[in-house]
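First comes the structure, then the notes that go with it.
Bear in mind these aren't lab numbers, they're just calculated from the coordinates by the rules spelled out. Everything numeric in this text was worked out from a predicted model, so none of it was measured. Positions of Cβ are generated from backbone atoms using ideal geometry, with glycine treated the same way; all protein chains shown enter the neighbour counts.
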Amino acid sequence: MRVLASAPAKIILFGEHSVVYGKPAIAAAIDLRTYVRAEFNDSGRIKIEARDIKTPGLIVSFSEDSIYFESDYGKAAEVLGYVRQAIELVKEEADKNGTGITVSITSQIPVGAGLGSSAAVAVATIGAVSKLLGLELTNEEVGRLGHRVELLVQGASSGIDPTVSAIGGFIHYEKGKFEHLPFMELPIVVGYTGSSGSTKELVAMVRENYEEMPGIFEPVLNSMGRLVERAKEVIISDIDRELKFQTLGKFMNINHGLLDALGVSTKKLSELVYAARVAGALGAKITGAGGGGCMYALSPGKQREVATAITIAGGTPMITKISREGLRIEEVLP
Ligand code: PMV
C-alpha cells in the first residue's frame, strides 16, 4: 500500500511577535504544498527520501581550479527531524513500533523562510503515515499531533503553524485557542528575500528591547493586538470586496510599520515591501518573524506587476492564493 498526502504553507497575515505577548493573530494557509509519500518497507526501519526540499541560498564559490557548493544542509537536516518525529509519533499512536516505513518528500515551500515548511512537512507526514497504518484521524487531530511534533523538536511552539496547515483557510489565534474565520479569496504575492532570520533570536531581541523600554514597546504591541481585532471584524463583515481589500491593505501597512518599530525588518524586506506598494499593492508587510524570510502584498488585479517589482528589487516572488484546503490525501494505492 502507498499513500500520498500534501499539506500547505502558511502566512501570518497579522499579529506576529505581538502574539508572543498574548495578543491575537490571524494566519492563513497558502497554495504552496509539501508532498509526502509513505509506504511500508521490510527493513523495520524508518527511511526518509528528501527528493526536493527547497533550501535557501545555494552558495557557489570558485577558486582557480575548483567550484565549491555551499548549500545550507543544516536547514534540510532540521526538516528531517520533523519528519522522523512525526513518523515515530504516529507509529506509537497506532501501536506499530516495529513497522518499517519509507517516506519520500517533495516540497514547493522554501525552508526557513517563515512560511511554515516544518509544520507542513510534519502535517503531510502524519497524514500519509496515519492513513498507511489505518488510523482514522480528522485534520484537527493531525494538527494537534503536528503541534506535539513541534514541541518535541523545538521545545516551544504556539501551534499556529501545524493547525493552519492541517485545517486550511483562515485562523484567528489567541492564547492557545484557534477559531476558523470565514474563507475569502486574497490575491497575494509573497516575496522571499532569499535569506532567513532566526525566529528564536528575533523573539529574544524583541523581548530584550521590551524589557528595557516597556513604556515604549507596550503601546506598540497593544496597537498590533487592536489591529488584529479590527482585521478580524473586516474579514467577517459583509462589506464589499473592494472596500475589504482596501481596509485590510491599510492595516497591513500599519502592521508593517509597527513591526519595523520593533526592529525586525531589514533593508531587503523594506525594499520589497515598498517596491510592492509602488507597483500597486493595496498593502504589504513582513510575514513571520522577520530578519529576512518573506513579506507579502495584497495585490488585487496587480499580481503580475507586483511580482515583477519584487523581482527587480532583488526578491523571489511567489504568486499565490489562500488555500481553502489543509491536509489532503492525494492518492491511496493498494
Ligand atoms: O517564523 P514564523 O513564520 O513561524 O513566525 C514566527 C511568529 C512569531 O510571532 C514571531 C513567533 C511565535 O512564536 O509566534
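Brief remarks follow.
- Taken about its Cα centre, the chain carries a charge dipole of about 480 debye when Lys and Arg each add +1 at the Cβ and Asp and Glu each add -1 at the Cβ.
- For segment 303-334, GluC sites (Glu not before Pro) are listed when DSSP marks them as loop and at most 16 other Cβ atoms sit within 10 Å of their Cβ; the list is Glu325.
- Residue with peak Gaussian network fluctuation, the chain [Cα springs, cutoff 10 Å], from Leu80, Leu243, Leu181: Leu243
- Sum of -39500 (n - 2.57) over DSSP H runs of 4+, divided by residues of the chain (222 nm, nearest 500): -14000 deg cm²/dmol
- Choice from Arg324, Arg241, Arg37 showing the highest fluctuation, given a GNM over the chain with Cα pairs closer than 10 Å: Arg241
- Counting only alpha carbon atoms, the long axis of helix 73-93 and the longest principal axis of the chain meet at about 60°.
- Other-chain or far-sequence residues with amide H under 5 Å of Glu330's (modelled H): Leu4, Ala5, Ser6
- Approximating the spin labels as points 7 Å out from Cα along Cα→Cβ, the Val278-to-Glu88 distance works out to 5.0 nm.
- Using the Cβ-Cβ distance between Leu243 and Leu152 with R0 set to 51 Å, the FRET efficiency from 1/(1 + (r/R0)^6) comes to roughly 0.70.
- Of the chymotrypsin sites (Phe, Trp or Tyr not before Pro) found in segment 130-218, the ones in coil according to DSSP and having at most 15 other Cβ atoms within 10 Å of their Cβ are Phe183.
- Taking amide H as placed 1.01 Å from N in the peptide plane, Gly169 has its amide H under 5 Å from the amide H of Ala29, Ser323, Arg324, Glu325, each at least 5 places away in sequence or on another chain.
- Loop-located trypsin sites (Lys or Arg not before Pro) in segment 98-195 (DSSP state not H, G, I, E or B) with no more than 15 neighbouring Cβ atoms inside 10 Å: Lys175.
- With respect to the chain, whose longest principal axis is taken over its alpha-carbon atoms, helix 117-132 is tilted by about 30°.
- Of Ala9, Pro219, Leu282, farthest towards positive along the dipole that unit charges on Lys, Arg, Asp, Glu beta carbons give the chain: Leu282
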